[in-house]
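These notes are about the structure you will find just below.
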Amino acid sequence: MPQNKNSEYIVNESIRFPKVLVIDENGNALGVKDRREALALAKEANLDLYCISPNSTPPVCKILDFGKYRYQLEKKKKENEKKQKAMIQDLKQIQLSPVIDTHDIETKVRQSINHLKNGDKIRVVVRFKGRQMAHPEVGEEVMNRFIAMCGDAAVVEKKPVMDGRNLLATLAPKK
């Protein structure tokens with residue numbers, strides 16, 4: 001059975017509180033009113049009564065155009081998701097190993113410099129496997145060498161930090 005879009009909101013007839021604090025469409029407090037009185041005020045203004053804060057004492061209800069309000073909420077939600085995706089997209093990840101060869105690290109540095117020139121940030125991860133955890137200084141040495149090789153194109157935004165089995169650092173492009 002399909003759920004009603006308004007089922008998560010407390011609007012109009014679904015408000016079951018005997019007394020509510022009513023706020024009109026201009027944001028002025030009209031005081032504590034009886035439920036029926038508040039619904040009558042909303043109908044008189046040809047708008048909806050929406051419960052903003054059901055957990056307060058008394059519950060706060062506002063007279064507003066609920067369809068327009070819900071549209072604005074969804075619009076804000078989509079905009080926030082878009083911003084979050086944009087933040088994720090401009091953070092590239094480069095994975096290294098404590099036993100990486102010189103040619104391999106040079107290739108990774110070239111890739112990183114290209115990403116930095118495009119304006120992306122880089123998260124450098126040195127992954128430790130098995131007994132490599134016994135010598136984290138080897139991974140730190142690889143990380144420092146990588147950062148030094150990126151030198152002219154990057155600024156260390158977040159210094160290398162151990163996080164479980166990973167050594168993490170963040171590089172940002174120089175302005």
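The values are calculated or read from the model by the stated rules, or taken from the named source; none is laboratory data. It should be emphasised that the depicted structure is a prediction, and the values quoted were computed from it without experimental measurement. Using ideal geometry, Cβ is built from the backbone for each residue, glycine included, and neighbour counts are taken over all protein chains shown. SASA here: full protein model, heavy atoms, side chains in, ligands and nucleic acids out. Shrake-Rupley method; radii C 1.70, N 1.55, O 1.52, S 1.80 Å.
Descriptive notes on the structure:
- Accessible surface ranking for Val99, Val126, Val138, 1.4 angstrom probe, highest first: Val99, Val138, Val126.
- Sparse-neighbour loop sites [trypsin sites (Lys or Arg not before Pro); the stretch 1-70; at most 14 other C-beta within 10 Å; DSSP]: Arg16
- Accessible surface for Lys174 stands near 110 Å², nearest 10, in the context of the full protein assembly shown (1.4 Å probe).
- Taking all protein chains into account, the per residue accessible area for the chain stands at 69 Å² (1.4 Å probe).
- Cβ-derived FRET efficiency at R0 22 Å, Glu13 paired with Asp34, nearest 0.05: 0.90
- For the stretch 46-175, the share of accessible area belonging to carbon and sulfur comes to 49 percent (1.4 Å probe, ligands and nucleic acids excluded).
- Above-threshold pairs, the threshold being 25 Å between Cα atoms, out of Lys83/Lys108; Lys85/Lys175; Lys92/Lys129: Lys83/Lys108
- What the Kirkwood sum gives for the stretch 1-82 is a hydrodynamic radius of 13.4 Å, with every pair of different alpha carbons counted.
- Euclidean distance between Cα centres, the stretch 26-82 to the stretch 95-118, Å: 55 Å
- Using a simple spin-label model with pseudo-atoms 7 Å out from Cα toward Cβ, Gln93 and Lys174 lie 2.8 nm apart.
- Contact order relative to length of the chain, as percent, for alpha carbon pairs under 8 angstrom and 6 or more apart: 15 percent
- Cα-based helix-to-principal-axis angle, 136-150 vs the chain, degrees rounded to 10: 90 degrees
- With all protein chains modelled, accessible area of Lys76 [1.4 Å, Å²]: 130 Å²
- Ser56 accessible area, assembled protein chains, probe 1.4 Å, Å²: 40 Å²
- Solvent exposure ordering (accessible area, 1.4 Å, most first) of Val32, Val20: Val32, Val20
- Relative to the longest principal axis of the Cα atoms of the chain, the long axis of helix 66-89 lies at roughly 0 degrees.
- Of all DSSP beta bridges in the chain, antiparallel share, percent nearest 5: 75 percent
- Candidate residues Thr102, Thr170, Thr57, Thr107: accessible-area rank, largest first, probe 1.4 Å: Thr57, Thr102, Thr107, Thr170
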